[in-house]
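What follows is one structure encoded as structure tokens, with my remarks underneath.
The values are calculated or read from the model by the stated rules, or taken from the named source; none is laboratory data. Predicted model, so just to flag it, every value in this text is computed and none were measured. Cβ: placed from backbone, ideal geometry, glycine included. Neighbour counts: every protein chain shown.
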Amino acid sequence: MNERACAECGTPDASFSYTEGRYLCGACYHGLPNGAALLDDIAAFVRRYVVLTPDQASATALWVVHSYAIDAADCTPYLHVTSPEKKSGKTRLLEVLDLLANLPWFTGSVSAAVLRRRLELDHPALLLDETDAVFKKESEYSEALRAILDAGHRRGCLAWLCVGKGHELASFDVFGPKALAGIGKLPDTIADRSIRIALRRRAPNEPATRFRRREVEEEAKPLRERVERWAAAYLEALKAARPDLPDFKDDRAADGWEPLLAIADAVGGDWPQRARQSALALTGGDVRDDDSLGVKLLADIYTIFQERETDRLSSTELVAALNAIEESPWGDLRGKPFDTRRLAHRLRPFEVTPHQVRFADQTLKGYEAVAFADPWERYLPLCMSVGRETRETEPAARLNLEPESVSDVSDVSVNTGIQEDVGEPPLSRERCPACGSTERWFRPDGSGPVCARCHPNPAMLVLAYQGAGI
């Protein structure tokens, strides 16, 4: 007796449904396939052969279904399968996707002419291996591949290339799902269009089933049939879908995840939540590997201001703090030391310039945190949103106030004058709740630290705490 026979009709080599706990062939999965169960089974199937995190497995399963529903999407996210070293499962993941994706084309190296014409002719799911070898050096093929991948993630975008002996200009429709595997990074414009699946070499305690293609192919066949039936039934619904998007860092991440989130919403169950969690986990972080040095500089400066709990730093102090970050490039940037002049040069595009800043007993060239507010908001939105949530949820803790003590403005007598200046802040570094300043702080009625510039009286302090706005 075939141990993998369909529990309904006895068809041999059926696919195991982890939701129903039995083997079922595609034809006997009653009625319209259950979308949530389908995604569960795809994720479990892939993880049998490749060690993935739950978020990576969820994204991969959604991408597989997306390859069948590509006609409903205006954008397609690339899967960027990468690792720091060889033998980490990159090729194996492409081999598994070759058995699951719609119209797969698994290739490692192909001429630019074949690549562009095959993509335009069939619009297959391109599974391209060894991309690190392609982009390691400049060549006609690498430039053609870059042009194809830059244009191939959005419907209607064409790749313009020179073809033939006469180098005539021609356009190619290369839109379609793509998975790219290779060690290290992709070019920035391609990485920006990708969901990064970072693999690591399998540890001894991480099991993986041996991949035998002929056996696995038979197991994958009923799974493919279920995906095809589900996608055909939901194609029109996916075209009309406008899923709610998480607070992504950039528009391109939102464009790429939108068709995957539409699928998650359509299948229901816990997949809408799982998909959004995976989207933020695989896309999140205040700085990504493909960000420019300018954005990395803003992020490092933000961290320095937060760690030192100050609202101003001299240029010399800021440069020293940047150079002290071990994992940053500032200590040896392109063979030259990072100094105050180079700092000012790199901040100038963000309209942040050094100026004379007053410190305790001297005036020095430096920067105030308020000057970075706009670029931080624009280029580091995730870390700024975390900061806003902290400021909104922990005002009483920062002010050393009990909530009841400021629950009513009428309970506090109004004092329009500035109270006694008590000098420098204590070691606890109490801070102004509005601007974070630690200079010229006052205690209007002994209730907490108040920056005279922002809160010259207790009534204003209470308003700030209650969120009435300053």
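The condition of being closer than 22 Å to residue 179 by Cβ, in contact (Cβ under 8 Å) with a residue 40 or more places away in the chain and under 20 Å from the mean Cα position of the chain (by Cα) holds for only one of 247, 192, that being 192. On the given criteria, is residue 165 basic (Lys, Arg), modelled with pLDDT under 85 and on the phi < 0 side of the Ramachandran plot? Yes: the conditions hold for residue 165. Taking the range 29-56 as the range and being modelled with pLDDT under 85 and either under 25 Å from the mean Cα position of the chain (by Cα) or closer than 25 Å to residue 213 by Cβ (or both) as the test, the residues that pass are 29, 33. Does any residue of the range 5-15 turn out to be at pLDDT 70 or above, assigned by TED's automatic domain parsing to the domain that holds residue 234, in a loop (DSSP other than H, G, I, E, B) and touching a helix residue (DSSP H, G or I) at 6+ places or on another chain (Cβ under 8 Å)? No, the conditions are met nowhere in the range 5-15.
Conditions (1) within 30 Å of residue 353 (Cβ to Cβ); (2) of a type in the set (A, V, I, L, M, F, W, C), marked per residue:
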residue	(1), (2)
231	no, yes
255	no, no
281	no, yes
298	yes, yes
308	yes, no
313	yes, yes
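Here residue 138 passes the criteria (1) within 24 Å of residue 97 (Cα to Cα); (2) of a type in the set (D, E, K, R); (3) out of contact with any helix residue (DSSP H, G or I) (no Cβ under 8 Å at 6 or more places or on another chain) except the one numbered (1). Per the conditions (1) hydrophobic (A, V, I, L, M, F, W, C); (2) in contact with an Asp or Glu (Cβ under 9 Å, 6 or more places away or on another chain); (3) buried (at least 20 other Cβ atoms within 10 Å of the Cβ); (4) closer than 22 Å to residue 264 by Cα, the sole criterion not satisfied by residue 79 is (2). Of the helices (runs of 4 or more DSSP H) lying entirely inside the range 82-186, those containing at least 3 residues that are touching a residue at least 12 places away in the same chain (Cβ under 8 Å) and under 26 Å from residue 228 (Cβ atoms) are 90-100, 112-122. Criterion applied to 261, 298, 282 was being at negative phi and touching a strand residue (DSSP E or B) at 6+ places or on another chain (Cβ under 6 Å), and the one residue passing it is 282.
Look at residue 235 and say whether it is under 30 Å from residue 16 (Cβ atoms) and either modelled with pLDDT of 90 or more or in the same structural domain as residue 39 (by TED's automatic domain parsing) (or both). Spelling it out, residue 235 is indeed under 30 Å from residue 16 (Cβ atoms) and either modelled with pLDDT of 90 or more or in the same structural domain as residue 39 (by TED's automatic domain parsing) (or both). The residues of the range 297-326 that are among the small types (Gly, Ala, Ser) and part of a helix (DSSP H, G or I), listed by number, are 299, 315, 320, 321.
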